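Read through the structure below, which is laid out as structure tokens, and then see the notes.
The values are calculated or read from the model by the stated rules, or taken from the named source; none is laboratory data. All figures in this text were calculated on a predicted structure; none of them were measured in a lab. Note that each Cβ is placed from the backbone with ideal geometry, even for glycine, and that neighbours are counted across all protein chains shown. Heavy atoms of the whole protein, side chains included, go into the accessibility calculation; ligands, DNA and RNA do not. Shrake-Rupley method; radii C 1.70, N 1.55, O 1.52, S 1.80 Å.
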Amino acid sequence: MCGVVGFVSKHGLAQKNVLRGLSCLEYRGYDSTGFACIDQQSRLHIQKVVGSLNNLIPALEAKSIDGTIAIGHTRWATHGMATLENAHPHTDCGQSLALIHNGIIENHQILRKQLQQQGHTFTSESDSEVIAHLAETFIQEQLRPSAILQKLSETLQGAYAYIILSQNFPNQLLIARNRSPLCLAIGKDGIFVASDPLAFPEQVDQMLFLPDKSYAVVTHNEYQIFDFVGNLLDVQLEKADKLVVVSGKGDYEHYMLKEIFEQKQAILRTLYEYKSGQTIQERLGLSTQAIKELEEITIVGCGTSFHAGLIGQFFLESIAQVATTVQLGSEFRHKTFLPRKKSVCIAISQSGQTADTLEAVELVKQHKVPVVALTNVAQSSLARESNGLLVTQAGPEIAVASTKAFSTQVATLYWLAHQIALVKGLIDNTSMLQVEQDLEAVASMLEANIAVHKDSIVADLDLYVSFKNYIFLGRHVTYPFALEAALKLKEISYIFSQAYSAGELKHGPLALVDATVPVILFSHPDESIYKKIVANAQEVKARKGFLIVFACQGQEELLELADKSFIMQTGPALLSPLAMTGVMQFFCYVLAKKMGRSIDKPRNLAKSVTVE
Ligand code: M6R
């Protein structure tokens, strides 16, 4: 995890640019933050703090340190607690260099031991610190910067993107990447390096992504990129994407709330994008024949994206008639992947940077199965690694809890299933038009449902926050939706919540139910499924469970059983989770707010999970 940023300036001072870049990278973690620069007298300054940039800025102001070359780091703790000692930048024994790192050095223990035997003293528990001490030994051998980077690439194992700032090379940044992302941009005052183009200032219009397994030496006006064998690489610059503008919270107290209310527009924008421009064949990178002959779809994703995939499975199987499996990115590597010949993988990731999902994609590609990225970030690693691309138009999602990314992913999968059905001749153009209208209507319902229920949710907040645990239940498409609801509630309120398929209740979880345990049951518009849901609701009431239902219109029997209820407009049955999404997210949001939680940046989490 973590975000790294560096700037070598022609004449100006680098601090301002590095801090601005860091503010855009906090989605990668906020356990600690650090800054280092070399001043005009070639002195190295390092300042680090526990916590976010808000803590670093006053610390830097107090010391007024700056220079023409600087680096910054925002950390999500993996090896070692979130302490000052473990914060980056790390330094060598001679305190002459500063090192920032994103990733995990897998052979850090053995390297640490070897370096300690050579007399190096370590001051942190962090795996990253070995890079600083190794670089120190290579500098002592009087190696040139590129040779130092070469030697480091031969020694380090694991995932990394790092930047080294050294008094021995006071005008150069030494950078390298292996699996973790790193990009570089040319500004009019110097060169920027960062984990993500988001960290580059708006004026930058040319940038490049460092190829995997490469390193570079960067000055204020030039850079040379090499592969790990030492060959000079010719990497083309591309136009920097100017669309990624992170607007503020506006009148909203939290980004999460703003993003909940942006969902209708996000779905409409996403649909608009799909309806214009490229054909479905171009988007998927598959021929008409290949789409017609598809035998199997494998979906991979993590967290909320995995839940969207589970809902999408129902669409792809029932509408597009393609056998579909959904896999957690982190579990995929431990399984035996036996793809059929005519197979495609859909990798879902809001950020397009989730390491577990990227790793799964790499494995899929080894089997020569084409990959379609379903992501919110068109320039992400996932988008660049994939053969096809479906870009949701949710706009930047800042809150750690995913909201509008989820709803646009679900809308995309519904649209995609129908597009495949259209290519296969299972539906006609008129039905496709109806599908798009349905999606637009459900986007409006999502918003309208919040307006109807928000006051009653707020009125009962004292009751809702008094519960220590929550059980969520659903059936068919509302089962994965229940999984998403449980994730949302636990993530931002820290209340223990668990989701089950309503039918599974009697196979064990019912033992948990009594008057102190609230059960939130998501109903389903389909009559036959609804009947089963009513039976499950009765099972809860028979054990005195406190029953909260998200019901569809006209479901009187269920409403009679409920202690609290929210009646939803739902549209087509398969889209019922989408229609319920806003109210479910709002419910979780106001509970967390009432409990005084750090909603946009929950404890222990980060927006993008870039470690495996
Ligand atoms: O960027 P991704 O969609 O790949 O992220 C996957 C998960 O880390 C993410 O959905 C996470 O579960 C959210 N914080 C949930 O709200």
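When you look at residue 582, is it open to solvent by less than 30 Å² (accessible area, probe 1.4 Å), in contact with a Leu (Cβ under 6 Å, 6 or more places away or on another chain) and either more than 30 Å from residue 162 (Cβ to Cβ) or not assigned by TED's automatic domain parsing to the domain that holds residue 30 (or both), yes or no? Yes, satisfied.
Kindly establish whether residue 421 is among the aliphatic types (A, V, I, L, M), open to solvent by less than 40 Å² (accessible area, probe 1.4 Å) and assigned by TED's automatic domain parsing to the domain that holds residue 376.
So residue 421 passes the test.
The residues listed here are 504, 491; of these, the one that is of a type in the set (D, E, K, R) and either more than 16 Å from the ligand (Cβ to nearest atom) or open to solvent by less than 10 Å² (accessible area, probe 1.4 Å) (or both) is 504. Where helices (runs of 4 or more DSSP H) fall wholly inside segment 303-407, the ranges with 2 or more residues that are hydroxyl-bearing (Ser, Thr, Tyr) and closer than 27 Å to residue 424 by Cα are 303-318. Cβ contacts < 9 Å: first residue without any contact (Cβ under 8 Å) to a residue 12 or more places away in the chain, restricted to segment 580-600; second residue of a type in the set (A, V, I, L, M), any location; separation 6+ or different chain. Result? If the second residue must be of a type in the set (A, V, I, L, M), the pairs left are 598/492; 598/592. Of all the numbered requirements in (1) more than 11 Å from the ligand (Cβ to nearest atom); (2) open to solvent by less than 10 Å² (accessible area, probe 1.4 Å), residue 318 misses one, and that requirement is (2).
Pairs are defined by a Cβ separation below 7 Å, a sequence spacing of at least 6 or placement on different chains, a first member in segment 379-398 that is under 19 Å from residue 413 (Cβ atoms), and a second member that is crowded, with 20+ Cβ neighbours inside 10 Å and of a type in the set (Lys, Arg); the pairs so defined are 394/404; 397/404.
Restricting attention to segment 471-488, which residues are away from the ligand (no atom under 16 Å from the Cβ) and open to solvent by less than 10 Å² (accessible area, probe 1.4 Å)? So that I can check it myself, show each step before the final result.
Start the filter on segment 471-488 by keeping residues that are away from the ligand (no atom under 16 Å from the Cβ), which leaves 471, 473-479.
Matches in segment 471-488: 471, 473, 474, 477, 478.
Of the residues making up segment 154-167, those that are surrounded by fewer than 20 Cβ atoms within 10 Å (Cβ to Cβ) and at pLDDT 95 or above are 154, 155, 157, 167.
Report yes if residue 373 is free of Cβ contacts under 8 Å to residues at least 60 places away in the same chain and within 12 Å of the ligand (Cβ to nearest atom), otherwise no. Yes, satisfied.
Yes or no: residue 397 outside the structural domain of residue 578 (by TED's automatic domain parsing), touching a Lys or Arg at 6+ places or on another chain (Cβ under 8 Å) and among the acidic types (Asp, Glu)? Please lay out each step first, then the result.
Values: outside the structural domain of residue 578 (by TED's automatic domain parsing): yes; touching a Lys or Arg at 6+ places or on another chain (Cβ under 8 Å): yes; among the acidic types (Asp, Glu): yes.
When the stated conditions are applied, residue 397 passes them.
Hey, any hits in segment 64-83 for a residue that's over 25 Å from residue 351 (Cα atoms), in contact (Cβ under 8 Å) with a residue 12 or more places away in the chain and touching a Gly at 6+ places or on another chain (Cβ under 6 Å)? For segment 64-83, residues over 25 Å from residue 351 (Cα atoms), in contact (Cβ under 8 Å) with a residue 12 or more places away in the chain and touching a Gly at 6+ places or on another chain (Cβ under 6 Å): absent.
Restricting attention to segment 270-286, report how many residues are more than 12 Å from residue 419 (Cβ to Cβ), in contact (Cβ under 8 Å) with a residue 12 or more places away in the chain and surrounded by fewer than 18 Cβ atoms within 10 Å (Cβ to Cβ). The total comes to 3.
Only one of 562, 573, 511, 551 is in contact with a Ser or Thr (Cβ under 8 Å, 6 or more places away or on another chain) and not assigned by TED's automatic domain parsing to the domain that holds residue 317. Can you tell me which? Walk me through it before giving the result.
Working: 562 fails: in contact with a Ser or Thr (Cβ under 8 Å, 6 or more places away or on another chain); 573 fails: in contact with a Ser or Thr (Cβ under 8 Å, 6 or more places away or on another chain); 511 fails: in contact with a Ser or Thr (Cβ under 8 Å, 6 or more places away or on another chain).
Selected residue: 551, the only one of 562, 573, 511, 551 that is in contact with a Ser or Thr (Cβ under 8 Å, 6 or more places away or on another chain) and not assigned by TED's automatic domain parsing to the domain that holds residue 317.
In contact with a Cys (Cβ under 6 Å, 6 or more places away or on another chain), open to solvent by 10 Å² or more (accessible area, probe 1.4 Å) and in a loop (DSSP other than H, G, I, E, B): which single residue out of 516, 570 fits that description? Testing whether each residue is in contact with a Cys (Cβ under 6 Å, 6 or more places away or on another chain), open to solvent by 10 Å² or more (accessible area, probe 1.4 Å) and in a loop (DSSP other than H, G, I, E, B) leaves just 570. Applying the condition of being within 13 Å of the ligand (Cβ to nearest atom) and among the small types (Gly, Ala, Ser) to segment 321-360 and asking which residue is surrounded by the fewest Cβ atoms within 10 Å (Cβ to Cβ) yields 330.
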